[in-house]
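Notes follow the structure.
The values are calculated or read from the model by the stated rules, or taken from the named source; none is laboratory data. Treat the numbers as computed from the prediction; the structure is a model and nothing was measured. Note that we place each Cβ from the backbone using ideal geometry, even for glycine, and neighbour counts take in every protein chain shown.
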Amino acid sequence: MVRAIVGANWGDEGKGKITDMLARESDIIIRFQGGSNAGHTIINNYGKFALHLLPSGVFYDHTTSIIGNGVALNIPYLMNEIQSLVDRGVPRPRILVSDRAQILMPYHVLFDTYEEARLAGKSFGSTKSGIAPFYSDKYAKIGFQVSELFDEETLAEKVERVCTLKNVMLEHLYHQPPIDPAELLETLHQYRDMVAPYVCDVSAYLHEALKEGRTILLEGQLGSLKDPDHGIYPMVTSSSTLAAYGAIGAGIPPYEIRDIITVVKAYSSAVGAGAFVSEIFGDEADELRRRGGDGGEFGATTGRPRRMGWFDAVATRYGCRIQGATEVALTVLDVLGYLDELPVCVGYEVDGEVTKDFPTTVKLEKAKPVYVKLPGWKCEIRGIRRYEELPENCRNYIEFIEKEIGVPITMVSNGPGRDEIIYRNV
Ligand code: GDP
């Protein structure tokens, strides 16, 4: 049985916590897209961790954690992340890396940085982890697959070929020093030795695992609105954030994905540039940012303050639809207990007309939020474990959101800890 855990919004919905929680009853957890550009924050018995490349199942000793072929694999970063867990007392996790995963090269990080600098004020707000140059190269067919590290002759020839191309850009567009092919080849030899113990034909492994009836979790990064096809293009990430891509980025049949748990945040937050219709500013935003998440809404990778907003039912309904959500986990609800009333964006006004459909980017830039205000519950809800024990106004907020998005909310998260969850039968 395969389940996917994905985000309906702009990312940072709390997917890490839900994955860590559900990993307890899973055998295999897979990252299928993205790279080290976003982070999951997880709090458990070992402490508080920000994971970037490793799947959120690494804390259990019964699980196998997999880096699927769809991931942008930064090999030294992965090694450091594994070591940093071990250094903090976590048992060494069982990790497999797909032989078809492609390698994030040192020059991808450089190109990301140079390009952001070149674009200056018009930049995409990249985390400069090299993700966009990586996926550009993958689709331009000049990327390096893990498997290629093990064929010396072709590797050396390809390094020469790719350097010729990259050096033209470095010299003429960015006015930066060229890459030395011999040095790059040496780096790739080091990468080969680092990754060798983990390399696996992941798709074949999963085929067997499915036959044996194992429980598999696909862990998505970011959210629907950052998807390059269905998100707020061009202010998106460079690989698909959708559950459907899990089949491709892990190498399993699409029909095996039975359950798509879509994580929705009880208010909105976003990092980077791009339209954000229900965004709030000033003191109102500062207060929500300060109280938000676990210790404030600041990026797990960059430490950047996140942009804040009220719950956006238009974006979230769309985000759930495009994921194919079968159920929703509503997170960080506990944060909202201080508010007298809670605005919910239920429509967008575009050119004088109100719509409930999430528009394409050009129209989105012009959209203004239409709000409905719900009364607050004005108390702490952490510690509550039964849905009926939540204050009535809190339940009304949940049920209002559920009706707007049209997907059952089966889990309500009321704190960052592993056990701070309310299951709901709907
Ligand atoms: P992800 O990328 O979707 O995993 O999200 P992040 O880890 O970037 O952001 C979620 C943040 O909210 C983390 O700091 C979590 O510890 C925290 N968090 C998750 N669920 C809850 C919750 O229900 N309540 C509170 N207060 N914090 C939560």
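Taking region 149-174 only, how many residues are touching a strand residue (DSSP E or B) at 6+ places or on another chain (Cβ under 9 Å) and crowded, with 17+ Cβ neighbours inside 10 Å?
Of the residues in region 149-174, 1 are touching a strand residue (DSSP E or B) at 6+ places or on another chain (Cβ under 9 Å) and crowded, with 17+ Cβ neighbours inside 10 Å.
Just to check your reading of the model, which residue among G223, G231 is crowded, with 23+ Cβ neighbours inside 10 Å and without any contact (Cβ under 8 Å) to a residue 60 or more places away in the chain?
Exactly one of G223, G231 is crowded, with 23+ Cβ neighbours inside 10 Å and without any contact (Cβ under 8 Å) to a residue 60 or more places away in the chain, namely G231.
Residues that are touching a residue at least 40 places away in the same chain (Cβ under 8 Å) and under 20 Å from A38 (Cβ atoms): find the helices (runs of 4 or more DSSP H) completely inside region 97-204 holding 1 or more of those.
Those helices (runs of 4 or more DSSP H) span 106-119, 131-139.
From (1) polar (S, T, N, Q); (2) near the ligand (Cβ under 9 Å from one of its atoms); (3) out of contact with any strand residue (DSSP E or B) (no Cβ under 8 Å at 6 or more places or on another chain), pick out the condition that doesn't hold for N45.
(2)
Counting only residues that are at pLDDT 95 or above and within 13 Å of the ligand (Cβ to nearest atom), which one in region 417-426 is surrounded by the fewest Cβ atoms within 10 Å (Cβ to Cβ)?
I421
For a quick check of your reading of the model, give me the residue pairs whose first member lies in region 254-277 and is assigned to a loop (DSSP other than H, G, I, E, B), whose second is acidic (D, E), with beta-carbon atoms closer than 7 Å and at least 6 apart or on different chains.
A275/E365; V277/D312
Which count do you get for residues in region 335-363 that are over 14 Å from F400 (Cβ atoms), assigned to a helix (DSSP H, G or I) and in contact with a strand residue (DSSP E or B) (Cβ under 8 Å, 6 or more places away or on another chain)?
Residues in region 335-363 being over 14 Å from F400 (Cβ atoms), assigned to a helix (DSSP H, G or I) and in contact with a strand residue (DSSP E or B) (Cβ under 8 Å, 6 or more places away or on another chain): 1 in total.
Going through region 311-328 one residue at a time, which ones are surrounded by 23 or more Cβ atoms within 10 Å (Cβ to Cβ) and part of a loop (DSSP other than H, G, I, E, B)?
A325, the sole residue that qualifies.
Which condition from (1) without any contact (Cβ under 8 Å) to a residue 40 or more places away in the chain; (2) surrounded by 18 or more Cβ atoms within 10 Å (Cβ to Cβ) is the one that V332 breaks?
If we test V332 against (1) without any contact (Cβ under 8 Å) to a residue 40 or more places away in the chain; (2) surrounded by 18 or more Cβ atoms within 10 Å (Cβ to Cβ), just (1) comes out false.
Inside region 396-416, can you point out the residues that are within 16 Å of the ligand (Cβ to nearest atom) and either in contact with a helix residue (DSSP H, G or I) (Cβ under 8 Å, 6 or more places away or on another chain) or more than 23 Å from I43 (Cβ to Cβ) (or both)?
Y397, I398, I401, I409, M411, V412, S413, N414, G415, P416
Residues in region 255-283 that are in contact with a strand residue (DSSP E or B) (Cβ under 8 Å, 6 or more places away or on another chain) and at pLDDT 95 or above: how many?
Count: 19.
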